[in-house]
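Reading through the structure tokens given below for one structure.
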Amino acid sequence: MRILVTGAGGFLGTNIVLNCLQKGWKVRAFTLDGSNVKYIQHTDVEIYYGDVADVEAVRKAMSGVDAVIHCAGDTSFWKRLFERQRRTNVEGVRNVMQIAMELKIKKVVHTSTVDALGYNPDGLADENWHLYNYSGWGYNYADTKKEGQDIALSYAKKGLDVVIINPGSMIGPYDHTLQFGRLFMDIRDHKVPAIPPGGAPWAHVNEVAKAHITALEKGRAGELYICGGINATYKTVFSAIADSIGVKPPRFIMPPWMTIAYGYIAEFIANFTNEKPSLNPGQARYMSVFPKYDSSKAEKELGFVSLPIKTMIEDARDWYIQNGFL
């Protein structure tokens, strides 16, 4: 089987490509020009460069494949990049789904996020939770991923075999883009003066990648599968990272008002430095709550495993050290 993986040069994409190869599949890796592809270079991997917002580039990459895993996404939280984020997370999804339908692709697995569901302030949210309550927060990542997810589901209604994966925050090996690697380094260097007040679901990236593979084989068309993992506070995760590298963890937990105020200040300063802010108001609001998710459906149907926080952090740490990042 020949699989197209979009976003193949990213953190999750790299793990997905490597899992596809373990299945003996041939992979066409689609990634932005300039992406680091050293970890996916293999005789059974064809590398295509392009942008999912470019219709013709997507059509070229998708021609001749049996199935698609669409995990390309823009996680930016700088306001200046919101337009680019919308092109990727919304129009990119539309392009992939439309061309998949035109080319009669057998199956598409779409990577969304738990954020696209909203959150249950009173407990766990599952795939049937439909109150999207991040609207108006300025959390553009979630807003655009929800729009993209809605587009994917609309194509499922048109007859395209689409399965949706909703991961939580991911930690683990092959984080060469340093999604969480920077946090490890900043905690090591005592550059994290305070901890955000909220929490999040935390998943081992390889377990999320394996769930994508199983979804391609067994996932039910039009269904969502939450791969949230362990629901834990930022304090728990920051402390576990500090323990894993033998340093003292940050102690001060910022109250929500202070976290959000810091987001505004960081965004204001970025207007003058022309450098990405460390936080923006939308992300600050998001990090001030504690969304919790139920991953039991993915565990039952896709074999997803919610590994302990300690395991995923140690696996990430070991990879950063072995590859010269930490």
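None of the figures in this text is laboratory data; all of them are computed from the coordinates on show. In this text the structure is predicted, and so the values were computed from the model without any measurement. Glycine gets a Cβ as well: all are built from the backbone with ideal geometry, and neighbour counts include every protein chain shown.
Key figures
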quantity	calculated
Segments 312-320, 96-104, 198-206 sorted - mean Cβ within 10 Å per residue, highest first	198-206, 312-320, 96-104
Of Lys26/Lys235; Lys276/Lys300; Lys145/Lys218; Lys157/Lys235, pairs whose Cα-Cα distance is over 32 Å	Lys26/Lys235; Lys276/Lys300; Lys157/Lys235
√(5λ) per eigenvalue of the Cα gyration tensor, the range 175-326, largest first, Å	29, 20, 15
Whether the range 1-72 is rounded, prolate or oblate, judged on the alpha carbon gyration tensor where a/c under 1.5 counts as rounded	oblate
The range 242-326 - Rg (one decimal) and Dmax (whole number), Cα, Å	17.7, 50
Cα centroid separation - the range 50-103 against the range 216-288, whole Å	25 Å
Of every Cα-Cα pair in the chain, the percent that sits beyond 26 Å	45 percent
Distance between the range 27-49 and the range 133-201 - C-alpha centres, whole angstrom	23 Å
0 to 90° range, to nearest 10: angle between helix 234-244 axis and the chain longest Cα axis	90 degrees
Under 14 Å from Lys146, Cα to Cα: aspartates and glutamates that are on another chain or at least 8 residues apart	Asp74, Glu91, Asp115, Glu127
